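The values are calculated or read from the model by the stated rules, or taken from the named source; none is laboratory data. Note that this is a predicted model, so its numbers are computed, not measured. Counting neighbours? That spans all protein chains shown, and the Cβs are built from the backbone with ideal geometry, glycine included.
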């Protein structure tokens, strides 16, 4: 367990520092790249939790698609190299309050629902059981049985967003 | 089947040593492969164009790549004044690392027939003949190919110059577009094999040639995958990223010395890796008949032969086909490959459900295919109507990226 704790500490530290740099750096592209570091650290945390599927999807979707699209948009519009002066605005206090509020809510939810519960140790568990419990198949089963309705709702929401984006982007 | 048996009895120094050895061997195979691939490409293209090609360094010019490498290392490393220095230095590594990491999940040999599970004995431990076998192997492949975009994109942006930027904007749009087709065509393979691990996918194809996914999925996902892979590799006819006639050198215009060499290395590494992935996913990897002697050697031999066929095809395409126009590229990706692979996936899904539920097999086939054809026709009809409403010019609308930037 000690190795996992050290790895967690390193990853958490990297994620936090990179997250701070996302909002303090003076270049939009650098901010997007620090965001990649944050997301990659979170992906590594999923590996640490033996959730390989979630980790792979985290890399695939967040790093491979979303931030790439951020960068693509930035490059098409304002690909400035070097320091930009107009990145700051006067909403930093509101942002700080929102951030603290979110932290509070998440902490409350975590403590309230899990309390002092501990993750079951992996020492005696065979690999077959582990795959059955946490593998890709288990995730798929959960999505298409227990969480079918939320899944469908999100699908329709994404479709609506897609259609909306096309409607907004078309000029005629 | 659950993962490499190397880790079944805990983790000790022998396991660590085997891991390191496998990583080193894998890296060596890829790098030596690149050295020969560059020579091979230049020689074959030269033959196809009635030239001689490299013939000075070593016998048949075999040492040409090494000579080029040494020359590149000793050249001056230029950095443009307006470049974003840290990102400029980082970009080549972001190209090379995913190229190698993808190769780690390719099984390069092993016996899968006759009750064998493809393992080999090494210092008294059993292990697969691949550097790593993550349970999410195929997703890992897709993740790496999506990370490979960063190297090209950041190289173009950080150069602080307009042609590289244009090249990287093209590259990003192209690679993101074709990733969808790539992923959808792999899903058909995953559906048949019932696993994401490359080892299990190879094991599922081990029987006869009819178990190979190229035949089991009726070739369509294979073709889509090959086209999408060529686009992901930015190889001709999809090399708009570095179209010499339009963009000087594309995203690596400002690069020189060994940093340019690393992009070059990554490009050929990716070609080899992608060919290996095609062989693994669709052509049974090391599957093939054992003629005489130990079966272990034949596995690797068949794998290498299949790999060489694809490497030759990639070179052949380069020597034969003219470059796609940008809007044609986007049309092919979004309007043809993605609907085709999606529709094919549904057909295969329907057929495998029918097989599990014991439906009448010919009836299922006919039903699934006619539904597929009907939805294909509906899609084509919808696109026709959209084009007519838009004013119906011959080329459709130009893609936004080239229109705005180019």
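The table for this structure:
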item	result
The range A:34-54: number of residues that are at pLDDT below 90 and within 9 Å of chain B (Cβ to nearest Cβ)	2
Flag for residue A:82 being in a loop (DSSP other than H, G, I, E, B), at pLDDT below 85 and either closer than 16 Å to residue B:149 by Cβ or in the same structural domain as residue A:2 (by TED's automatic domain parsing) (or both)	yes
Number of the exception - residue B:305 against (1) over 27 Å from residue B:188 (Cα atoms); (2) surrounded by fewer than 16 Cβ atoms within 10 Å (Cβ to Cβ)	(1)
Residue count, the range B:178-199 (criterion: in a helix (DSSP H, G or I) and surrounded by fewer than 22 Cβ atoms within 10 Å (Cβ to Cβ))	7
Residues (touching a residue at least 12 places away in the same chain (Cβ under 8 Å) and part of a loop (DSSP other than H, G, I, E, B)) located in the range B:55-78	B:62, B:75, B:76, B:77, B:78
Options B:348, B:353: the member that is touching a residue at least 40 places away in the same chain (Cβ under 8 Å), over 17 Å from residue B:202 (Cβ atoms), in a helix (DSSP H, G or I) and touching a helix residue (DSSP H, G or I) at 6+ places or on another chain (Cβ under 9 Å)	B:348
Residues of the range B:97-108 classified as buried (at least 21 other Cβ atoms within 10 Å of the Cβ) and either in a loop (DSSP other than H, G, I, E, B) or away from chain A (no Cβ under 14 Å) (or both), total	7
Residue list for the range B:250-273, restricted to those being touching a helix residue (DSSP H, G or I) at 6+ places or on another chain (Cβ under 6 Å) and over 17 Å from residue B:89 (Cβ atoms)	B:250, B:268, B:269, B:270, B:271, B:272, B:273
Verdict on residue B:365 being modelled with pLDDT of 85 or more, assigned to a helix (DSSP H, G or I) and out of contact with any strand residue (DSSP E or B) (no Cβ under 7 Å at 6 or more places or on another chain)	no
Residue ID - nearest to residue B:259 (Cα to Cα), chosen from residues in the range B:109-122 that are in contact with a helix residue (DSSP H, G or I) (Cβ under 7 Å, 6 or more places away or on another chain) and crowded, with 16+ Cβ neighbours inside 10 Å	B:109
Some residue of the range B:46-54 being part of a loop (DSSP other than H, G, I, E, B) and closer than 30 Å to residue B:202 by Cα	no
Check on residue A:9, in contact (Cβ under 8 Å) with a residue 12 or more places away in the chain and either over 27 Å from residue B:136 (Cα atoms) or more than 12 Å from chain B (Cβ to nearest Cβ) (or both)	no
Selected residue (criterion: nearest to residue B:380 (Cα to Cα)) from residues of the range B:312-327 that are at pLDDT below 85 and surrounded by 15 or more Cβ atoms within 10 Å (Cβ to Cβ)	B:327
Subset of the range B:53-95 (residues that are surrounded by 18 or more Cβ atoms within 10 Å (Cβ to Cβ), closer than 20 Å to residue B:163 by Cβ and away from every other protein chain (no Cβ under 14 Å))	B:92, B:95
Some residue of the range B:123-143 being surrounded by fewer than 19 Cβ atoms within 10 Å (Cβ to Cβ) and in contact with a strand residue (DSSP E or B) (Cβ under 8 Å, 6 or more places away or on another chain)	yes
Residue within the range B:136-146 that is within 14 Å of chain A (Cβ to nearest Cβ), outside any helix (DSSP H, G or I) and in contact (Cβ under 8 Å) with a residue 24 or more places away in the chain present	yes
